[in-house]
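Each remark here refers to the structure printed beneath this line.
The values are calculated or read from the model by the stated rules, or taken from the named source; none is laboratory data. Please read these numbers as outputs of a predicted model, since none were measured by experiment. Cβ sites come from the backbone with ideal geometry, for glycine too, and all protein chains shown count toward neighbours. Please note that ligands, DNA and RNA were not included when accessible areas were found on the heavy atoms of the full protein model with its side chains. Shrake-Rupley method; radii C 1.70, N 1.55, O 1.52, S 1.80 Å.
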Amino acid sequence: MKNLEELFEHQLKDLYSAEDQLTAALPKMAKKAKDAKLKKVFEDHLEETKEHKKRIEEICKELDIDPSGETCKAMKGLIKETEDFLDEAKDDDVLNAGMIAEAQRVEHYEISGYGTAVRYAKELGHTAIAKKLQKTLDEEYKADKTLNDLAEQRLNAKAK
Ligand SMILES: [Fe+2]
Ligand SMILES: [Fe+2]
């Protein structure tokens with residue numbers, strides 16, 4: 001990578017891989033969740049995640065680059081950590097609370113990735129692309145808040 005444009009392209013590919021991996025992981029998380037509301041949060045965010053993936057495809061098409069070909073190792077690790085946790089949780093309430101903890105790590109990772117991508121897009125003068133990425137960033141923030149509310153209102157207390 002020799003300039004900000006190339007760094008931006010790298011970030012987009014990384015995010016694309018992250019969203020792609022999440023698209024496969026979220027249905028499993030929805031299936032394993034032992035709380036109806038938490039299940040719904042995962043199902044809803046799966047639909048948003050598919051849209052996030054599509055948005056990056058559209059952006060890459062506009063920039064004339066291939067979104068595929070990179071693996072986001074951080075997302076791979078986060079998903080592996082979640083799978084390991086699911087094997088270790090021996091109580092339904094603990095499982096729900098721990099799933100929220102893992103899912104929030106994922107959302108925070110995405111928030112930092114999209115935050116950077118929006119800044120780069122603006123710096124490079126890609127105004128419409130920045131707007132599209134900001135839309136995803138807003139949805140990641142919202143997903144994080146929904147998970148947080150669910151933990152605070154009920155699920156952490158139940159796991160006690
Ligand atoms: Fe996403
Ligand atoms: Fe997300």
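How far apart, in nm, are two points set 7 Å out from the Cα along the Cα-to-Cβ line at residue 101 and at residue 142?
Roughly 2.8 nm, to one decimal.
Label points 7 Å out from Cα along the Cβ direction at residue 44 and residue 61: separation in nm?
So the label points at residue 44 and residue 61 sit 2.8 nm apart.
Using the reciprocal of the averaged 1/r over all distinct C-alpha pairs, how large is the Kirkwood radius of the chain in Å?
16.2 Å
Calculate, for the chain, the solvent-accessible area per residue in square angstrom, rolling a 1.4 angstrom probe over the heavy atoms of the protein chains.
On a per-residue basis, the chain sits at 54 Å².
Output the 0 to 90 degree angle, nearest 10, between the alpha-carbon long axis of helix 127-150 and the longest principal axis computed from the alpha carbons of the chain.
Approximately 10 degrees, to the nearest ten.
Under a Cβ-only charge scheme (Lys and Arg +1, Asp and Glu -1), can you give me the dipole magnitude of the chain about the Cα centre, in debye to the nearest 20?
Roughly 360 debye for the chain.
If the elastic network links every pair of Cα atoms under 10 Å, which of 38, 15, 63 fluctuates the most in the Gaussian network model of the chain?
Looking only at 38, 15, 63, the largest GNM fluctuation is found for 63.
Going by Cα centres, region 47-70 and region 93-160 are how many Å apart?
What the calculation gives is 18 Å, centre to centre.
Over region 4-159, what is the relative contact order in whole percent, taking alpha-carbon pairs under 8 Å and six or more residues apart?
Averaging sequence separation for qualifying contacts and normalising by length gives 30 percent for region 4-159.
At a 1.4 Å probe radius, carbon and sulfur cover how many percent of the accessible area of the chain?
Carbon and sulfur atoms account for 51 percent of the accessible area of the chain.
Helix-derived [θ] at 222 nm for the chain: sum -39500 (n - 2.57) over DSSP H runs of at least 4, divide by residue count, nearest 500?
The per-residue figure over the chain is -29000 deg cm²/dmol.
Which angle from 0 to 90°, rounded to the nearest 10, does the C-alpha axis of helix 73-88 make with the longest principal axis of the chain?
Here the helix axis deviates by roughly 10 degrees.
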